[in-house]
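Report on the following structure.
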Amino acid sequence: MANVAKKVSWSGRDRDEEDEPPAAGEATPLLNGAGPGTITHSPFLRLGQLSSVDLDDDVRELSLDYDNCENQLFLEEERRINHTAFRTVEIKRWVICAMIGILTGLVACFIDIVVEKLAGLKFRVVKDNIDKFTEKGGLSFSLLLWAILNSSVVMVGSVIVAFIEPVAAGSGIPQIKCYLNGVKVPHVVRLKTLLIKVCGVILSVVGGLAVGKEGPMIHSGAVIAAGISQGRSTSLKRDFKIFEYFRRDTEKRDFVSAGAAAGVSAAFGAPVGGVLFSLEEGASFWNQFLTWRIFFASMISTFTLNSILSFYHGNPWDLSSPGLINFGRFDSEKLGYTFQEIPIFIVMGVVGGILGAIFNALNYWLTMFRIRYIHRPCLQVIEAMLVAAVTAAVGFVMIYCSSDCQPLQGDSVAYPLQLFCADGEYNSMATAFFNTPEKSVVSLFHNPPGSYNPMTLGMFTLMYFFLACWTYGLTVSAGVFIPSLLIGAAWGRLFGISLAYLTSGAIWADPGKYALMGAAAQLGGIVRMTLSLTVIMMEATGNVTYGFPIMLALMTAKIVGDYFVEGLYDMHIQLQSVPFLHWEAPVTSHSLTAREVMSAPVTCLRRIEKVGTVVDILSDTSSNHNGFPVVESSPDPTQVAGLRGLILRSQLIVLLKHKVFVERANLTLVQRRLKLKDFRDAYPRFPPIQSIHVSQDERECMMDLTEFMNPSPYTVPQEASLPRVFKLFRALGLRHLVVVDNHNEVVGLVTRKDLARYRLGKEGLEELSLAQT
Amino acid sequence: MGLAARLVLLPGLLLGLSAGQGLGFGRRPPPQSGPEGWALGGGRRLLSLELLEEAEDLSLALLGTGLPGELPPECRELLVGFANSSVRLTGCLVRSARPVRLCQSCYRHFQSVTEQLENITRAVGNSSESNCAKSLLMSDRVQLVVILSQFFNSTWEKANCANCLKNNSEGLSNSTIEFLHLFNTTLTCFEQNFQGQAINLVPSNHTEVCRNCSQTYRNLNALYNEMQKMTGQGSDSEHRMHLCIDVEDAMNITRRLWSRTFNCSVPCSDTVPVIAVSSFILFLPVIFYLSSFLHSKQKKRILILPKRIQSNASLVNIQEKYS
């Protein structure tokens, strides 16, 4: 019953039970029949008082204003701008998309080249060392060298993340998902984050962690998009005075989705997959023109990466490396599949789903432990270093114990380690561990049958599974795509080998093909993306006929995995208590009405309000409201009046800063009229209320909000059902929804947090408690 | 002019010739399609006197041999030449297949095959032999000469023989000669030391070989690695160049003898320190997690509680629905 409440509020549980009995009642699921016995007030008693209650977003996760505020200033501006100007705006959008593509491609190139260089250097040093000590004895020194190299590189990577920009940790996909969903995660699209992310990824991959550099590309692309579209950087304090039209959440979000798509496309060489990724994650705000622009950005990005890398690899215009990871070509005849194999792929999907669920469950517990106990930055750095050292040690021991020797075949192995093998042979375990994960994946896909023996693969899968699970969630920037692919490829190959053994070497049982299917199934089982992942895998293999089996494997993996636990990204979003709105409201929630969901009472402002009141409301720390319904001014403050509009905190702050008071407007004619530009210039970092000085005299002035408020906020009647409200939120990207009664009087306010609490659990509808982190 | 008329009579032939030229060498752009195109190109080509004469020869030869479909004698000669050299090369390739001596023993034959083929294709310049290029290389579906020459070339490339030869492929390169010499020394050493023990066929105890030949083996190995490094430069790591197959195979044989048959490479295994160090590293996180579990202060989460109107009616409503 109370499992969900426990899940999310695990650390506040004691508090719930001991300190605040009513809270415990509230935290229990709604539907189990246990009457919580909450004391009820007559709702209208408290309404209308300008009392402070916590009702809107907390400080940390604000929502984004995806709803255009159509106030009078907006209309004025629209009137001023003529038709040609709007056409220029349209052209500017395309230019920005092209720039996003190019820059994302360049960043991807940079990451790829630097990782290759540094990792090559590291592996050469360690290899020379191992070769030296194999003859003379003293391999323990090589082990120490490897471990120390790894952990010192990771230390740097982790320090910059933990101390400079913690939001750059992890793959960034959950954060971008939240951003596209409409949740403002602080610092997520800043230039500083991009820098830390790029350096962090390079360092953690070079540091030999079980991570990939593909996931963070998505975040990087998103940051680039957000930066370019604004034409300025607040971190650098530079304003290029371009693209000022796009300085608002709606436009920025469109570009961010283009950036995320460009990131995916650069990471996997999958432009269509990138577009679909944006579609899948930000699906509610979508139109065809936007899709077309995003596709353009994706294509540009993969093309940029491709051409630069082809120059770098010395065969210009060959255009053979469209992404950071290339699965290589799957087009030889034996790699085709037959009808009989389809059930086998489905079975692999089941395996992938189960393994993915185990992975997620383990990672869930680990993340909880981390949030609870390892929250100090220095501890996080030490943890990352330890993981790096252990990864090296595990790899070394595996290589050391392995007696799987394969003859050297020229260029198939990048860093062949001989160790105890005969001269002219290399240790096959070393191709898996002693390599960057991308290279290992490709060699699992493409090395000829017989390059790995089953024992090696089994041990590798087991160890890498735990390492990857342990690594995800560390305070380093790194993705989970490649480790998942690697785990999947390893057991997939094992599967293929055993299949070939069972069928006594039938020609169709090529282990490389099964490695690919295993990779798809495993990735699907962990991240639970469907459409975009299928297309990404398909494009990365460059083989359309594989679309069907990949889809089957992913689908099965998702179905099986969802039966146990949710996807890794969703899990992390939930653990961070982000009010994330899923695609649809929980199915059984029609009986809940807006009245039960909404927050009340609401702090309202009058149309002509005293400055002192506004300042007091804004500076009240116990409430951190962000949207204020504006009601008709009436002489009697206790009486609720009809709703006239909605005004945001940011707008009020700009008004206060420019001292737009009724009295002053009459006094000084010199003062120019406030334009929409003033609001845009302040975007996105509005100053806090404390920084605005309002003198005692000014407190007595009045403010006329009519011009600035949104005169037509979305409202619903009290009887509207939860799914109806949900749909409005999800489809329009709303931030506040005013609930009114029959007389158009404000009764309550629905915010994202009020809706995100409800979800479908094991026993029906449940209510979660969101926690401040 | 009569010449021009004759040329116009043979548009197909000349077109074929030009196409062959384009395919074989790519020195000139392929002609535009249509009679004007080739006529223009042909006119430019006919500017030199020699060409004029050869054109005469061509036409005479054509007229002289009667049926136009028959192979002219020069072409037959060329074909026979190619046949002979390819027979020699094939024989050589197969004979030196095991142990691999491809590059050392067949490079002359390969060179002669290349020359023969060049004779056939190069002839494009003079129009009499250009006929041969066309009729030998591209007048039927199978194109046997092309197939054969492609096979030779690809074999040669696969074997990476160019790496062992001098730049003008007129002989083995210095490093290869040195390597082969050292290889022979090593083998001789093996043989000499192995003789005594050949009677007792216990495969484990070959200490004498190991002791006596260790230096030569090491030198050979070092030289091989050096050569590998030399070829590996220049190109990037993903498409590293192989050494030529002769050298690779020789090295493989030696290494196999050394480490498998004689069991000479016994690396020191220091399992105990490795286990000690790795278990030390593996224990670090355990200590870390335990200590942070015991000493770190648990972070409390503050729940955000919803503020809303709770009416009994609605709760009853839900309970009714779901209980």
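FYI, it's all coordinate maths here, none of it is from the lab. Note that this is a predicted model, so its numbers are computed, not measured. No Cβ is skipped: glycine too gets one built from the backbone with ideal geometry, and neighbour counts run over all protein chains shown.
With a ≥ b ≥ c taken as the square roots of the eigenvalues of the C-alpha gyration tensor of the stretch A:64-114, please select rounded if a/c is under 1.5 and otherwise prolate if a/b is larger than b/c or oblate if it is not?
oblate
Amide H neighbours of A:VAL631 under 5 Å, at least 5 residues apart or on other chains, H built in the peptide plane: list them.
A:LEU605, A:ARG606, A:ARG607, A:ARG644
Please give the helix A:454-471 orientation as an angle from the longest Cα principal axis of chain A, in degrees from 0 to 90, rounded to the nearest 10.
The two axes meet at around 20 degrees.
What Cys residues in chain A have no fellow cysteine's beta-carbon under 4.7 angstrom?
By the Cβ distance rule, which asks for a partner under 4.7 Å, the isolated cysteines are A:CYS69, A:CYS97, A:CYS109, A:CYS178, A:CYS199, A:CYS378, A:CYS401, A:CYS469, A:CYS604, A:CYS701.
Could you list, in their original order, any pairs among A:LYS213/A:LYS439; A:LYS558/A:LYS727; A:LYS184/B:LYS300; A:LYS117/A:LYS213; A:LYS558/A:LYS753; A:LYS177/A:LYS241 whose Cα atoms are separated by more than 18 Å?
A:LYS558/A:LYS727; A:LYS184/B:LYS300; A:LYS558/A:LYS753; A:LYS177/A:LYS241
Going by amide H atoms built from the backbone, whose H comes under 5 Å of the H on A:SER599, apart from near neighbours?
A:LEU749, A:VAL750, A:THR751
Once amide H atoms are placed 1.01 Å from N in the peptide plane, what residues at a sequence separation of 5 or more from A:ASN453, or on another chain, have their amide H within under 5 Å of its amide H?
none
Taking each pair of distinct Cα atoms in the stretch A:308-452 once, what is the resulting Kirkwood hydrodynamic radius in Å?
19.2 Å is the Kirkwood radius here.
Which shape class applies to the stretch A:512-650: rounded if a/c is under 1.5, otherwise prolate when a/b exceeds b/c and oblate if not, where a ≥ b ≥ c are the square roots of the Cα gyration tensor eigenvalues? Could the numbers behind the result be given before it?
Values: a/c = 3.78, a/b = 3.20, b/c = 1.18.
Since a/c reaches 1.5 and a/b is larger than b/c, the shape of the stretch A:512-650 is classed as prolate.
For the Cα atoms of chain A, what angle does the longest principal axis make with the long axis of helix A:722-732, in degrees from 0 to 90, nearest 10?
80 degrees
In degrees from 0 to 90, rounded to the nearest 10, what is the angle of the helix A:437-446 Cα long axis to the longest principal axis of chain A?
Computed tilt is about 50 degrees.
Ignoring everything except DSSP H segments at least 4 long, calculate the 222 nm mean residue ellipticity for chain A; use -39,500 (n - 2.57) per segment, divide by total residues, nearest 500.
-17500 deg cm²/dmol
If you find the alpha carbon centre of the stretch A:247-275 and of the stretch A:59-104, how far apart are they in angstrom?
That distance is 16 Å.
When you have a sec, figure out the Kirkwood radius of chain A from all distinct Cα pair distances and drop it here in Å to one decimal?
When all Cα pairs of chain A are included, the Kirkwood radius is 28.1 Å.
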